[in-house]
Amino acid sequence: MHILLTGGTGLIGRALCVHWIERGHRLTVWSREPGKVARLCGVSVRGIARLDELAEDSVDAVINLAGAPIADRPWSSKRKGLLWSSRIGLTEQLLSWLQARTQPPAVLISGSAVGWYGNGGERELSESTAPVTDDFAARLCGAWEETALRAEALGVRVVRLRTGLVLSSDGGMLKRLLLPFRLGLGGRLGNGRQWMSWIHIADQIALIDFLLQQSDARGPYNACAPTPVRNAEFSKALGQVLSRPTLLPSPGFVLRAALGEMSELLLGGQRAVPTRLLEAGFSFRFTHLDVALVDLLSHH
């Protein structure tokens with residue numbers, strides 16, 4: 001199978017490349033820096049700067065994960081514009097390319113996040129739940145999904161991945177937390193009651209591969225473990241795995257003052273559950289946070 005990835009040099013994309021190379025698939029990564037693709041994704045992975053480099057080369061599936069990191073810095077107007085263009089703008093370019101194809105790929109698996117629901121409070125959020133609040137992250141995810149969904153008119157099967165917090169020792173939020181927690185500077189955020197929907201990187205890769213192969217899979221899927229946890233529970237579990245205290249909370253007013261609107265990513269949350277994945281027969285390897293953290297950090 002020939003698979004085209006956007007965001008292929010990111011945390012999930014790199015792991016997908018390793019997984020699919022081992023299974024004999026042919027991979028192309030559309031990247032702003034194609035010269036780095038072979039080093040980051042594997043020597044057999046082709047990097048392209050423009051989609052027209054594919055010409056009429058047959059593509060069987062598209063995995064659309066590109067997007068500037070949402071939590072790297074506060075949301076200034078300029079930053080919001082970058083977050084928008086790197087997701088919606090890029091997906092629109094992908095759609096234009098799909099429309100021009102004589103034979104479009106069979107499936108588009110397109111990124112989104114549990115932030116689509118907004119701050120869900122105490123509600124359990126399945127894929128049939130309507131958005132709860134209308135903050136910037138929810139609007140961003142909503143527009144991203146709506147843009148990808150337009151590929152259905154071209155006869156493409158569209159899967160929308162509403163991903164939670166991806167846990168990996170190779171990058172992402174967990175890696176950023178390791179230094180302060182190892183120094184004994186970790187603790188809950190705000191009151192610590194906000195829900196966190198998390199997923200082990202191995203399960204994230206497995207479920208994307210699963211949805212790629214399920215010819216009837218389409219629509220939204222919550223890509224998160226069946227057991228979301230509160231922030232205080234997450235902080236305590238990480239401290240226990242690292243054998244460090246977690247006694248230094250970050251007060252909500254401090255986070256709001258420092259981060260502005262982006263603080264709602266940390267102080268709000270989603271109690272999302274992977275209802276549709278479980279109904280489709282997908283089996284998670286990691287359903288308990290402490291087991292997932294031990295697996296990821298036992299070698300560090």
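With respect to being touching a Leu at 6+ places or on another chain (Cβ under 7 Å), more than 19 Å from Val291 (Cβ to Cβ) and among the small types (Gly, Ala, Ser), Ser215 falls outside the description.
Inside region 56-67, residues that are modelled with pLDDT of 90 or more and either loosely packed, with under 14 Cβ neighbours inside 10 Å or of a type in the set (Val, Ile, Thr) (or both) make up a count of 5.
From the list Leu267, Leu289, Leu296, the one residue that fits, being within 24 Å of the chain's Cα centre (by Cα), buried (at least 17 other Cβ atoms within 10 Å of the Cβ) and farther than 26 Å from Arg123 by Cβ, is Leu296. Annotation: Ser283 fulfils all but one of (1) crowded, with 18+ Cβ neighbours inside 10 Å; (2) free of Cβ contacts under 8 Å to residues at least 60 places away in the same chain; (3) assigned to a loop (DSSP other than H, G, I, E, B); the unmet one is (1). Could you tell me whether any residue of region 260-269 is more than 23 Å from Arg73 (Cβ to Cβ), out of contact with any His (no Cβ under 6 Å at 6 or more places or on another chain), not aliphatic (A, V, I, L, M) and not in a strand (DSSP E or B)? No, every residue in region 260-269 fails to be more than 23 Å from Arg73 (Cβ to Cβ), out of contact with any His (no Cβ under 6 Å at 6 or more places or on another chain), not aliphatic (A, V, I, L, M) and not in a strand (DSSP E or B).
Comparison of Arg193, Arg150 shows that the only residue that is touching a residue at least 12 places away in the same chain (Cβ under 8 Å) and either under 15 Å from the mean Cα position of the chain (by Cα) or closer than 25 Å to Ser250 by Cα (or both) is Arg193. A single entry from Leu165, Leu207 fulfils the requirement of being under 17 Å from Leu267 (Cα atoms) and not β-branched (Val, Ile, Thr): Leu165. The set of residues in region 224-248 that are of a type in the set (Asp, Glu) and farther than 16 Å from Gln270 by Cα is empty.
Only residues that are charged (D, E, K, R) and under 23 Å from the mean Cα position of the chain (by Cα): list them for region 26-58, please. Can you show your working first?
Of region 26-58, the ones charged (D, E, K, R) are 26, 32-33, 36, 39, 46, 50, 52-53, 56-57.
Once the filter is applied, which keeps residues that are charged (D, E, K, R) and under 23 Å from the mean Cα position of the chain (by Cα), region 26-58 yields Arg26, Arg32, Glu33, Lys36, Arg39, Arg46.
Run down Asp72, Asp57 and say which single residue is of a type in the set (D, E, K, R) and in contact (Cβ under 8 Å) with a residue 12 or more places away in the chain.
Details: Asp72 fails: in contact (Cβ under 8 Å) with a residue 12 or more places away in the chain.
Just a single option satisfies the conditions, and that option is Asp57.
Quick one: count up the residues across region 76-122 that are surrounded by 15 or more Cβ atoms within 10 Å (Cβ to Cβ) and of a type in the set (Gly, Ala, Ser). Of the residues in that region, 10 qualify.
Answer with yes or no whether Phe234 is at pLDDT 95 or above, under 20 Å from the mean Cα position of the chain (by Cα) and over 30 Å from Leu5 (Cα atoms). It is true that Phe234 is at pLDDT 95 or above, under 20 Å from the mean Cα position of the chain (by Cα) and over 30 Å from Leu5 (Cα atoms). Screening Thr129 against (1) assigned to a loop (DSSP other than H, G, I, E, B); (2) under 13 Å from the mean Cα position of the chain (by Cα) leaves a single unmet condition, (2).
Which is within 26 Å of Ala153 (Cβ to Cβ), part of a helix (DSSP H, G or I), modelled with pLDDT of 95 or more and not aromatic (Phe, Trp, Tyr), of Leu16, Leu98, Leu108? After applying the criteria, what remains is Leu98. Of the listed requirements (1) part of a loop (DSSP other than H, G, I, E, B); (2) out of contact with any Leu (no Cβ under 7 Å at 6 or more places or on another chain), Gly115 misses just one: (1). Among the residues of region 204-227, those that are touching a helix residue (DSSP H, G or I) at 6+ places or on another chain (Cβ under 9 Å) and among the polar types (S, T, N, Q) comprise Gln204, Asn222, Thr227. With respect to (1) within 22 Å of Ala206 (Cα to Cα); (2) surrounded by 12 or more Cβ atoms within 10 Å (Cβ to Cβ), the lone exception for Glu22 is condition (2).
The values are calculated or read from the model by the stated rules, or taken from the named source; none is laboratory data. Computed from a predicted structure; not experimentally measured. Positions of Cβ are generated from backbone atoms using ideal geometry, with glycine treated the same way; all protein chains shown enter the neighbour counts.
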